[in-house]
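Data block below; observations after.
None of the figures in this text is laboratory data; all of them are computed from the coordinates on show. Predicted, not measured: the structure shown is a model, and the values here were computed from it. Cβ atoms come from the backbone with ideal geometry, glycine included; neighbour counts cover every protein chain shown.
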Amino acid sequence: MDGGIESEGGRGAQSGAHGRRGFSHAPVLLKEAIDFLAVKRGGTYIDATLGLGGHASAIASRLGSEGRLIGFDKDPRALEMASRRLAVPEGREQDWPQITLHNASFADIAQQVAGNSADGVLADLGVSSMQLEDAGRGFSFQAEGPLDMRMDPQSELTADQVVNQFDESNLADLIYEFGEERRSRRIARAIVRARPIKSTAHLAQVVSAAARPMKQPRGKGIHPATLTFQAIRIYVNRELEDLRALLACAPQVIKPGGRLVVISFHSLEDRMVKDALRDGARAGVWAPLTRKPVIASEEEIAENPRSRSAKMRAAERVEARQQGSHRSYK
Ligand SMILES: C[S@@+](CC[C@H](N)C(=O)[O-])C[C@H]1O[C@@H](n2cnc3c(N)ncnc32)[C@H](O)[C@@H]1O
């Protein structure tokens with residue numbers, strides 16, 4: 001049990017067919033996600049987080065030529081890799097869906113996709129193994145890399161600015177809020193004293209030195225820099241704001257009867273999803289399909305240890321009720 005912490009190493013990172021350098025990424029809860037999406041031939045599905053295209057290719061292969069897959073990723077490199085994986089396989093030329101990929105945040109889905117058009121939306125949150133394993137992206141505390149951590153390389157804020165420019169109390173607050181790190185003040189003080197911090201390895205070393213003396217019952221067994229790196233990454237990428245926006249606009253793009261499936265990897269995200277589906281159920285927008293989150297089987301965890309923190313929740317879009325008998329949900 002790791003307290004819902006997304007640990008490092010690349011979700012689905014494996015040294016199998018593609019090896020670490022080939023950035024393999026085993027899609028987490030693949031069968032469960034496909035089942036809850038209830039993927040049907042001829043349908044329109046949105047993969048909001050293409051990554052390396054693992055879930056997307058499994059969806060695409062079930063849609064047939066009448067179907068449509070719309071994919072999003074704010075990382076252009078992920079989009080490139082996913083588009084290669086989604087190329088029409090040999091022999092399936094007559095049976096492959098129309099595929100449209102957007103290099104955009106899933107927060108903007110409602111601007112890119114027609115209302116009431118999707119039979120399902122999948123979001124598999126966080127970073128991919130490709131992003132984590134590429135030291136040059138600056139996501140990993142296990143490698144020497146620049147303090148970057150941006151999924152979208154065009155976005156303005158980098159980890160370097162947060163680490164080297166934010167004042168101590170802002171830094172402590174964000175480490176506490178987005179990392180749920182109880183030692184945030186001590187860590188922020190150490191970071192400010194060690195400035196300029198030049199790399200991910202340097203940051204990991206400063207945080208580890210500051211965090212080591214404290215007991216860590218919740219995060220037992222995790223690297224002392226895990227929560228601080230998680231916090232900075234979430235902040236730099238506006239991950240919770242984007243998730244909030246996705247949850248708010250999903251009911252606009254999903255047809256009545258369509259499904260929303262979200263896989264999250266830490267408690268902040270899972271709480272947001274749970275609350276949004278509960279509020280949506282009260283408002284007559286969602287019929288939740290998972291009372292408790294679906295988690296990976298022991299077999300999946302043994303094969304892919306990173307799946308151990310995955311939590312999947314799903315809901316079905318409810319037919320609009322008679323006018324006047326429901327609250328509006330925008
Ligand atoms: C865990 S990976 C998805 C892996 C994918 N399901 C697969 O099977 O390969 C998450 C991906 O979502 C992307 N991402 C995260 N937040 C995003 C956002 N707000 N908008 C679009 N893409 C996002 C990341 O860049 C990353 O490529």
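Summary of values
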quantity: Using alpha carbons only: equivalent-ellipsoid semi-axes of segment 131-238, gyration tensor based, whole Å; calculated: 20, 15, 13
quantity: Helix-only [θ]222 nm of the chain, DSSP H runs n ≥ 4, -39500 (n - 2.57) each, per residue, nearest 500; calculated: -11000 deg cm²/dmol
quantity: Potential lengthening between Arg282 and Ser155 on full extension [0.36 nm per residue; Cα-Cα distance subtracted]; calculated: 42.1 nm
quantity: In sequence order, calculated HN-Hα J values of segment 229-234 (Karplus, 6.51, -1.76, 1.60; Hz; x Gly/Pro); calculated: 5, 4, 4, 5, 5, 4
quantity: Fewest-first ranking of Ser155, Ser61, using other Cβ atoms within 10 Å as the exposure measure; calculated: Ser155, Ser61
quantity: Table column - 3J(HN,Hα) (Hz), segment 258-268, Karplus curve with 6.51, -1.76, 1.60, x for Gly and Pro; calculated: x, 10, 10, 10, 10, 10, 10, 10, 8, 5, 5
quantity: Rounded to the nearest 20 debye, dipole of the chain from Cβ charges on Lys, Arg, Asp, Glu; calculated: 880
quantity: Cβ-based exposure ranking for His202, His266, in which fewest neighbours within 10 Å come first; calculated: His202, His266
quantity: Sorted by Cβ density within 10 Å, fewest first, the residues Trp286, Trp96; calculated: Trp96, Trp286
quantity: Compactness of the chain, expressed as Rg and Dmax over alpha-carbon positions, Å; calculated: 20.1, 62
